[in-house]
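Asks: Below are the structure tokens for one structure; questions will follow.
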Amino acid sequence: MKFKMVVADFDWTLGCAPGVIEQSTIEAIRRYEEKGGIFTVCTGRLYSSISQILRKYGLHGKVIACQGAIIADIDTGERLYTDGIDSALAAKAVRKLREDGHTVLLDYDDRLCFSSRTPYTDAYERLTGLQGYVREDLAGFIEEGRVVVQKIMVMCETERIAGILKTYNDYFGGKLLVNSGSKNLVEIVNPACSKGVSTLFLAKKYGVKPEEVLAVGDSTNDLSLTEKGFYSVAVGDGSDALKAAANEITVPFAEKPVETLLKKYCL
């Protein structure tokens, strides 16, 4: 077994919205775990969204959620690690996005709220299986200092995503990481608790070396998985940026990339 730990993004890597995983892929994961392998999902989704999906398919152990801001037990919710965005910086980001005319979605303390309700926020609720609520003064709410902001999001037309990523990555100058988890979603997170950072943290807890980890994803929010010494793989129809950075490009999502990689390297 070449890799002791396999880490997979969820949406359009392991499964698809709102929560579908192929049964043959689940069976491959179980065979890998029976051989002693560690399988972990590493997703931008809130813990409360991804955990209910993984429990539905009988997966256990730890999950990395909120793009790395939370590591928790799938069954109990017990947190091994949690972090977020500095409150002052989060409030500044939300205020800037609102001034620029964006509807803002806020993931805080594993809860979801919006600056206003739109067709995009309705779609996000359907995708995640969660119920959010409207709080108009999000920046003021953050400045009260009683919550931990894991992720700030904007949803828009696909053709606007690239421009928004460049604009706000330039604006924040590395203090915040601006990337995308899907064709309509911009995500803003703390770069100190990225998917790559949290995967490295969890691997160390398990006694697994970086080179013994296979990490697979499809979008720009998986780029940090290419930076920590893991063997990184991009889904065949995923982000061009990720494919350029990864060690390998595997099959498209429709051809079950996680199952393909497990059979190639671990079973």
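Asks: Report, by residue number, each residue of the range 199-235 that is assigned to a strand (DSSP E or B) and in contact with a Lys or Arg (Cβ under 7 Å, 6 or more places away or on another chain).
Replies: If the condition is that a residue be assigned to a strand (DSSP E or B) and in contact with a Lys or Arg (Cβ under 7 Å, 6 or more places away or on another chain), then A234 is the only one that fits.
Asks: Restricting to the range 242-267, count the residues that are surrounded by 18 or more Cβ atoms within 10 Å (Cβ to Cβ) and small (G, A, S).
Replies: Residues flagged as surrounded by 18 or more Cβ atoms within 10 Å (Cβ to Cβ) and small (G, A, S) within the range 242-267 amount to 1.
Asks: Report yes if some residue within the range 46-62 is of a type in the set (S, T, N, Q), surrounded by fewer than 21 Cβ atoms within 10 Å (Cβ to Cβ) and either in the same structural domain as V235 (by TED's automatic domain parsing) or free of Cβ contacts under 8 Å to residues at least 24 places away in the same chain (or both); otherwise report no.
Replies: Filtering the range 46-62 for residues of a type in the set (S, T, N, Q) gives 48-49, 51-52.
With the extra rule that they be surrounded by fewer than 21 Cβ atoms within 10 Å (Cβ to Cβ), the set shrinks to 48, 52.
Restricting the remaining residues to those that are either in the same structural domain as V235 (by TED's automatic domain parsing) or free of Cβ contacts under 8 Å to residues at least 24 places away in the same chain (or both) gives 48, 52.
Scanning the range 46-62, I find at least one residue that is of a type in the set (S, T, N, Q), surrounded by fewer than 21 Cβ atoms within 10 Å (Cβ to Cβ) and either in the same structural domain as V235 (by TED's automatic domain parsing) or free of Cβ contacts under 8 Å to residues at least 24 places away in the same chain (or both), so the answer is yes.
Asks: Restricting to the range 208-236, name every residue that is crowded, with 24+ Cβ neighbours inside 10 Å and among the polar types (S, T, N, Q). Spell out how you get there, then give the answer.
Replies: From the range 208-236, those crowded, with 24+ Cβ neighbours inside 10 Å are 213-219, 221-222, 224-225, 230, 232-235; that's our starting set.
Passing the criteria: S219, N221, S224, S232.
Asks: Go over the candidates N190, N169 one by one and state the one that is closer than 15 Å to K96 by Cα and either out of contact with any Phe, Trp or Tyr (no Cβ under 8 Å at 6 or more places or on another chain) or modelled with pLDDT of 95 or more (or both).
Replies: Among N190, N169, only N169 is closer than 15 Å to K96 by Cα and either out of contact with any Phe, Trp or Tyr (no Cβ under 8 Å at 6 or more places or on another chain) or modelled with pLDDT of 95 or more (or both).
Asks: Just need a number here: residues in the range 119-131 that are under 16 Å from N184 (Cβ atoms) and either within 18 Å of the chain's Cα centre (by Cα) or surrounded by 14 or more Cβ atoms within 10 Å (Cβ to Cβ) (or both).
Replies: Going through the range 119-131 one residue at a time, the tally reaches 8.
Asks: Return a yes/no flag: does the range 84-96 have any residue that is surrounded by fewer than 17 Cβ atoms within 10 Å (Cβ to Cβ), under 25 Å from A203 (Cα atoms) and modelled with pLDDT of 95 or more.
Replies: Taking every residue of the range 84-96 in turn, none turns out to be surrounded by fewer than 17 Cβ atoms within 10 Å (Cβ to Cβ), under 25 Å from A203 (Cα atoms) and modelled with pLDDT of 95 or more.
Asks: Name the residues in the range 34-44 that are in contact with a Leu (Cβ under 9 Å, 6 or more places away or on another chain) and either in the same structural domain as Y108 (by TED's automatic domain parsing) or not hydroxyl-bearing (S, T, Y) (or both), would you?
Replies: K35, G37, I38, F39, V41, C42, G44
Asks: Name the single residue that is farthest from S219 (Cα to Cα) among those in the range 179-195 being touching a Cys at 6+ places or on another chain (Cβ under 9 Å), of a type outside the set (D, E, K, R) and outside any strand (DSSP E or B).
Replies: Our first condition is that a residue be touching a Cys at 6+ places or on another chain (Cβ under 9 Å); within the range 179-195, this holds for 184-186, 189, 193, 195.
If we keep only those that are of a type outside the set (D, E, K, R) too, we end up with 184-186, 189, 193.
If we keep only those that are outside any strand (DSSP E or B) too, we end up with 184, 193.
Numbers: N184: 12, C193: 17 Å.
Here the residue is C193.
Asks: Only one of D137, D100, D109, D83 is among the charged types (D, E, K, R) and in contact with a helix residue (DSSP H, G or I) (Cβ under 8 Å, 6 or more places away or on another chain). Can you tell me which?
Replies: On the way: D137 fails: in contact with a helix residue (DSSP H, G or I) (Cβ under 8 Å, 6 or more places away or on another chain); D100 fails: in contact with a helix residue (DSSP H, G or I) (Cβ under 8 Å, 6 or more places away or on another chain); D109 fails: in contact with a helix residue (DSSP H, G or I) (Cβ under 8 Å, 6 or more places away or on another chain).
Exactly one residue qualifies, and that residue is D83.
Asks: Can you list the strands (runs of 3 or more DSSP E) found entirely within the range 1-107 that contain at least 1 residues being over 29 Å from G236 (Cβ atoms) and of a type in the set (S, T, N, Q)?
Replies: The qualifying strands (runs of 3 or more DSSP E) are 79-82.
Asks: Separate question: Here is a check on your reading of the model: is L127 touching a Cys at 6+ places or on another chain (Cβ under 6 Å), farther than 30 Å from M1 by Cβ and not in a loop (DSSP other than H, G, I, E, B)?
Replies: no
Asks: I've got another one for you. Collect the residues in the range 239-267 that are outside any helix (DSSP H, G or I) and more than 22 Å from Q23 (Cα to Cα), keeping them in residue-number order.
Replies: Residues satisfying the conditions are S239, A246, N247, E248, I249.
Asks: Out of (1) at pLDDT below 95; (2) among the β-branched types (V, I, T); (3) over 23 Å from P191 (Cα atoms), what's the single condition that is false for T220?
Replies: Failed condition: (3).
Asks: State the number of residues belonging to the range 71-82 that are at pLDDT below 95 and among the acidic types (D, E).
Replies: 0
The values are calculated or read from the model by the stated rules, or taken from the named source; none is laboratory data. Quantities reported herein were computed from a predicted structural model and do not represent experimental measurements. As a convention, Cβ positions derive from the backbone with ideal geometry for all residues, glycine included, and neighbour counts pool all protein chains shown.
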